[in-house]
1. For n ≥ 4 DSSP H runs only, could you compute -39500 (n - 2.57) per run for the chain, divide by its residues and tell me the 222 nm figure to the nearest 500?
2. Size of the dipole of the chain about the Cα centre, Lys and Arg at +1 and Asp and Glu at -1 on the beta carbon, nothing else charged, in debye to 20?
3. Fewest first, what order do Met291, Met189, Met59 take by the number of other Cβ atoms within 10 Å?
4. Find the centroid of the Cα atoms in the stretch 89-108 and in the stretch 122-172, then give the distance between the two in whole Å.
5. Excluding Ala281 itself, what net charge comes from residues whose Cβ is under 13 Å from its Cβ, given Lys and Arg +1 and Asp and Glu -1?
6. With a ≥ b ≥ c the root eigenvalues of the C-alpha gyration tensor of the chain, is it rounded (a/c under 1.5), prolate (a/b larger than b/c) or oblate?
Amino acid sequence: MNKKQILNRIAQMAVVLVGISFITFALIYMAPGDPVRVMYSSGGVMPSEEVINQTREAMGLNKPFLVQYFNWLTSCLHGDFGTSYSSGKPVIGILLERLVPTLKLAFLSLIIMLIISIPSGIIAAVKQNKIADYTIRGITFLGVSIPNFWVGLILLYVVALKLKLLPVVAVGGGFKAMILPALTLAFAMAAKYTRQVRTAVLEELNKDYVIGAKARGLSNGKILLRHVFPNSLLPLITLLGLSLGSLLGGTAVVEVIFSYPGLGNLAVSAITAYDYPVIQAYVLWIALIYMVINLIVDISYSLVDPKVRERG
């Protein structure tokens, strides 16, 4: 992609973000419940109607919908996403505080997934229609079929409760606390990626350049490492980018099971507590992550594949 194309994509991202922000704000605006009452009740206080009306006026909640939206959007553009109703802290600070554990968990999950899926996919492709291939494909079928929460509960019961190798509750976001959630997330991803790696490698193995390389006397190992595997990377980049975006957006179910202090757990807590500013900021964060990741993936296409670079 050239600079003009990148700038066009950034402009499109800005338009999409504004649209998402409008829809999010409208849905929260129409949601049942009074934000002021929620804010006071979360603090264990229920003031008089006069105080509630004064607070609503001070927060600008008595203004028309469009005025409230543009005021909120202007504040967001300046980095102010409001104040949490539950904790009374700035929302941006809460998101950044939860971002670090989520980043650690996401990258650890991706590393485990790549360590498992790339060798397994290559072995399944090289040993096509043999025992190793059937075994790997059977395991990947189970990995795709079993939901994440079930895998997490099994790991929690066996590894944490029975074997007592790891802590039950992921307090603090340390390395030990990340292992079980990361394994849970990596299990399903590794199954999907193993299948994709197998398919991509098989497609490359059936191409003419592989036959030519074998005719020139190159070993199978050199052909795989120098030619087949690099050419198989392109279709995997999109999946890797989407997986990273999903993990950074927060995997709520897994984080809740292990009480992991990440963005997904934060979102569930905010929804339960009717913490509207946190919910709005979280939705914008997820949208921004996916768009930025997709842009990076498109740019990486041109770096990995010369054909894409020439067309760009």
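Throughout, read-outs are computed from the coordinates displayed, never taken from laboratory work. Everything quoted here is computed from the prediction, not taken from an experiment. Every residue, glycine among them, receives a Cβ derived from its backbone with ideal geometry; neighbour counts consider all protein chains shown.
1. -24000 deg cm²/dmol
2. Details: 26 positive and 15 negative charges, 317 e Å.
The dipole of the chain has a size of about 1520 debye.
3. On the way: Met291 19, Met189 24, Met59 15.
Fewest-to-most Cβ neighbours within 10 Å comes out as Met59, Met291, Met189.
4. 27 Å
5. Details: positive: Lys89, Arg98; negative: Asp80, Glu97, Asp275.
Within the 13 Å Cβ shell, the charges total -1.
6. Working: a/c = 3.54, a/b = 1.71, b/c = 2.07.
Judged from the Cα gyration tensor, the chain comes out oblate (a/c at least 1.5, b/c at or above a/b).
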